[in-house]
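Notes for the one structure printed next.
The values are calculated or read from the model by the stated rules, or taken from the named source; none is laboratory data. Just so you know, these numbers come straight off a predicted model, no measurement behind them. Note that each Cβ is placed from the backbone with ideal geometry, even for glycine, and that neighbours are counted across all protein chains shown. Side chains included, ligands, DNA and RNA excluded: accessible areas come from the protein's heavy atoms. Shrake-Rupley method; radii C 1.70, N 1.55, O 1.52, S 1.80 Å.
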Amino acid sequence: MRTFTHVLLLAILLIVSAGSLFAGGFALSGIGSKAIGMGGAFRGMADDGTAMYWNPAGLGFLDNSLITLAGAGIMPTSEFENTVGLPGFALDEFTAEEKLWLFPNLYAVKACSDCRLKFGLGAYVPYGLGAEWDIFNLPEGYFPVVIDTLGNTELRAITWNGADEFPEKEMKSSIGILDIHPTVAYKFSDKVSMGVGLSVNYAMIEIAKLIPHSSLSYYLPTTMSLEGTGLGFGANLGLMYKPNDVIQIGLSGKIPSNISMDGDVDASLWVSNLAMYKMNYDNNPLHYETALPFASVNATYSDETDAKADLTLPADLGWGMSVHLKPNWILNADCSYTFWNAMDKIVIEMDPILDLTIAQKEEVTLETNWKDAFRFSLGTQYSFSKVDLRGGFFYDESPIPYSSLSPTWPDTGNKYSGNAGLGLHLGRWLVDLNYEHIFFGEKEIENQTADNMVGIYNSDIHAFNMGLTYNF
């Protein structure tokens, strides 16, 4: 039983580590239909309520107050091809359950053409998404059992205790972070503005994960689920500079946001009669009779524990330029760098598991090995009459290394996007719409670690944004 307990302890640590790594795998491509329509190349422009997210200094150049009600709809498609014959995993290609994720946003700005100090309040979701998979079945079949001193064997069917309760979706994730964002900006002159915003982050996590433990050759799959919430604080700041009427330059960045997470972890270790038999037979192969009774015994070991972790959403730094090629034609470029390496170590506190001495650890340090990442964006807007036409592109590096990638995360590789959108001016009202398609580079993992799953990964994302703005 000591080996089983070690396995269960390891599994619970892994699910908590997965829950603490949501930000990279679930960072959205940005917020706001106008900005996303131009591929997120918006730091140097930032001329609507979403400036609170992209570059708070952009509020300083707004000449009127506004209220925007907006939303995003995102549908990821993820495929995983199993390339190794792990017990319970078919050599097949699997597709995650398709689901439309909806994220509402709200922005309000208090501004006027004569005042230098501008105020904003936003409520938006910068991180979100999820995936659900059914790619594992409890292994079935037969195994040989030694029945006498001559080494004769007979076949026994593999059986599982409580097999009807095995989760239908053994791998899934649902992540969301709501950012309440009060912002202030000051316009120093017609050329310079600065802004700063406070992030009040509320995080919600639900994750399920499976670890097959096939390397132990005992068929010891572990399933676990984590539900947790957390509250944290961060900030962003920005600078906007207009050297002339043609060029506008923006610089902005976020400081790390610490979120204190509290969660409940449920874990179950599924032990077949094959595992029970081999565990006893391998310990004493000369006395087959001591192992023989276990060929008919199976069990499920379950436990619950509390887990706490201080998570850090990483800092980033970005630069953008907006160029008026013509009075009605704008070209934007943007480059940003996110410091995901700040999450390379995560300290987790948890209550004892199974009330055994070997599981009395109160603090565990997990090595996550996430890497820093660049993002490059290009976008344009062409205006005529009461219509703005937009298009854009971005390239975004994935922070997730081969050593920790599994089907739980839709963020399977570097991302490339195609973006298109439009704005309709209807008096004081503005309607913004856009469509975004994100392509992921195929990634093949050949070397198994404790945190990943060997196979071939492919993903893409269909997304749309819309916004309704009233100017006053």
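Of the residues in segment 352-366, none is touching a His at 6+ places or on another chain (Cβ under 6 Å) and modelled with pLDDT under 95.
Confirm whether K187 is open to solvent by 50 Å² or more (accessible area, probe 1.4 Å), touching a residue at least 40 places away in the same chain (Cβ under 8 Å) and out of contact with any Pro (no Cβ under 8 Å at 6 or more places or on another chain).
no
Listed by first and then second residue, the pairs with beta-carbon distance under 8 Å, at least 6 apart or on different chains, first residue in segment 160-178 and more than 30 Å from G122 (Cα to Cα) and modelled with pLDDT under 85, second crowded, with 19+ Cβ neighbours inside 10 Å and of a type in the set (S, T, Y), are E170/T223; M171/S406; M171/T408. Counting only residues that are assigned to a helix (DSSP H, G or I) and either open to solvent by less than 10 Å² (accessible area, probe 1.4 Å) or free of Cβ contacts under 8 Å to residues at least 40 places away in the same chain (or both), segment 35-61 holds 10 of them. When S193, S199 are checked against the criterion of being closer than 22 Å to L317 by Cα, buried (at least 16 other Cβ atoms within 10 Å of the Cβ), among the hydroxyl-bearing types (S, T, Y) and over 26 Å from the mean Cα position of the chain (by Cα), S193 stands alone in meeting it.
On the stretch given as segment 138-158, residues that are touching a Ser or Thr at 6+ places or on another chain (Cβ under 7 Å) and either open to solvent by less than 30 Å² (accessible area, probe 1.4 Å) or among the aromatic types (F, W, Y) (or both) total 3. The residues in segment 182-199 that are in a strand (DSSP E or B) and more than 8 Å from G120 (Cβ to Cβ) can be counted, and the count is 9. Screening T412 on (1) within 23 Å of F464 (Cβ to Cβ); (2) modelled with pLDDT of 85 or more shows it passes everything except condition (2). Tallying residues that are under 30 Å from I158 (Cα atoms), part of a strand (DSSP E or B) and out of contact with any Pro (no Cβ under 8 Å at 6 or more places or on another chain) within segment 125-145 yields 5.
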